[in-house]
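Rule-based calculations on the coordinates, nothing more; no lab input. None of the values given here were measured: they were computed from a predicted structure. Glycine also receives a Cβ, built like all others from the backbone with ideal geometry; neighbour counts cover every protein chain displayed.
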Amino acid sequence: MSKINGKTIWLTGASSGIGLALAEALANKGAKLILTARSVATLEELAQRLPGEHSVFPLDLSNPEAAFEQSQALVANEAIDILINNAGVSQRSAVLETDLSVYRQLMEIDYFSVIALTKAVLPQMTARKQGHVVTIASVAGKVGSKLRSGYSGAKFGVIGFMDCARAEMAEHNVQFTTICPGFVRTQVSHNALTGDGSKLNQEDPDITGGISPEECAAAIIKAIEDNRSEVIVGKGLSKLAPTLQRFFPNLVRKISAKR
Ligand SMILES: NC(=O)c1ccc[n+]([C@@H]2O[C@H](COP(=O)([O-])OP(=O)(O)OC[C@H]3O[C@@H](n4cnc5c(N)ncnc54)[C@H](OP(=O)(O)O)[C@@H]3O)[C@@H](O)[C@H]2O)c1
């Protein structure tokens, strides 16, 4: 049976980048999408243009408690087959120059909102004895590098959350897939937070040299279909980094300090 065709998939961060490419690929495979982000007009235009029947469920994930409350109305009316926690915000600022409030903001969106939405869907998934939670973490959740201390902290954390929830949910037949992309050509560096919380609004050569959002979306869908626990997606050093970190941690520390 197809993991995608005919399935109800709740996708966050659907207005841009990896989420937008995922929305297009999943709709083409026959999924019924619930599209979440803050950009309502973009989501509505997307829902109209994609093949099939889709709905828009706007949320601001910088307030996970409110997002959890708002999600109760959704889960009361929809049986979610797959939740894809894709929305996220990156960072480009040094520890010495980053306000504490920026660390908190990154944690709200990249860590707590994943927990909030996962907790919103788990009661119905455990009751139905089926379901799949997918979270787009990052290679930055495996390897720390400069200017991403808050983002990396949140992504390391979310990988831990996914590992624990996977273990607890195995007996309920709810699957957990963690995706760790390397560099993907999206708006991520434009939207990245700087030390005072403003957006970077700049290209990042690492990101422009990355894989396309469509390639990333295809790899994510394959990971869902193959029911993988964790997949590293990307090319070059960003894809190799987690393996290098595991076997040659001191080498990776030296490279990170030089880059
Ligand atoms: N691109 C990369 O190189 C890369 C690498 C590793 C991991 N990732 C991860 O991949 C995921 C997608 O990122 P992307 O590269 O596609 O970046 P992007 O183009 O900047 O898209 C980010 C998405 O997240 C949504 N979002 C941001 N803040 C939100 C909030 N407060 N509430 C609700 N939605 C919010 C945005 O929607 P609105 O602005 O409309 O709300 C947008 O749809 C993120 O989790 C990111 O950390 C990306």
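Data for the structure
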read-out	value
Condition check for residue 45: more than 19 Å from residue 218 (Cα to Cα), more than 15 Å from the chain's Cα centre (by Cα) and more than 15 Å from the ligand (Cβ to nearest atom)	no
Residues that are in a strand (DSSP E or B) and more than 8 Å from the ligand (Cβ to nearest atom), drawn from region 182-194	193
Some residue of region 147-156 being part of a strand (DSSP E or B) and surrounded by fewer than 21 Cβ atoms within 10 Å (Cβ to Cβ)	no
Of all residues in region 78-135 being within 16 Å of the ligand (Cβ to nearest atom) and among the hydroxyl-bearing types (Ser, Thr, Tyr), the one that is nearest to residue 191 (Cα to Cα)	90
Filter result for residue 201 (part of a loop (DSSP other than H, G, I, E, B), touching a strand residue (DSSP E or B) at 6+ places or on another chain (Cβ under 8 Å) and more than 10 Å from the ligand (Cβ to nearest atom))	no
Positions within region 48-75 being among the charged types (D, E, K, R) and more than 8 Å from the ligand (Cβ to nearest atom), in sequence order	49, 53, 65, 69
Where a residue in region 204-222 is more than 12 Å from the ligand (Cβ to nearest atom) and its partner, wherever it lies, is small (Gly, Ala, Ser), with Cβ under 8 Å and at least six apart	218/25; 221/25
Criterion: within 12 Å of the ligand (Cβ to nearest atom), out of contact with any strand residue (DSSP E or B) (no Cβ under 8 Å at 6 or more places or on another chain) and in a helix (DSSP H, G or I) - qualifying residue of 241, 170	241
Subset tally (residues that are crowded, with 24+ Cβ neighbours inside 10 Å and free of Cβ contacts under 8 Å to residues at least 40 places away in the same chain) for region 3-30	1
Only one of 201, 191, 250 that is within 18 Å of the chain's Cα centre (by Cα) and among the polar types (S, T, N, Q)	191
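Per-residue answers, yes or no, for (1) assigned to a helix (DSSP H, G or I); (2) surrounded by fewer than 16 Cβ atoms within 10 Å (Cβ to Cβ); (3) touching a residue at least 24 places away in the same chain (Cβ under 8 Å):
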| residue | (1), (2), (3) |
| --- | --- |
| 177 | no, no, yes |
| 180 | no, no, yes |
| 196 | no, yes, yes |
| 245 | yes, no, yes |
| 253 | yes, yes, no |
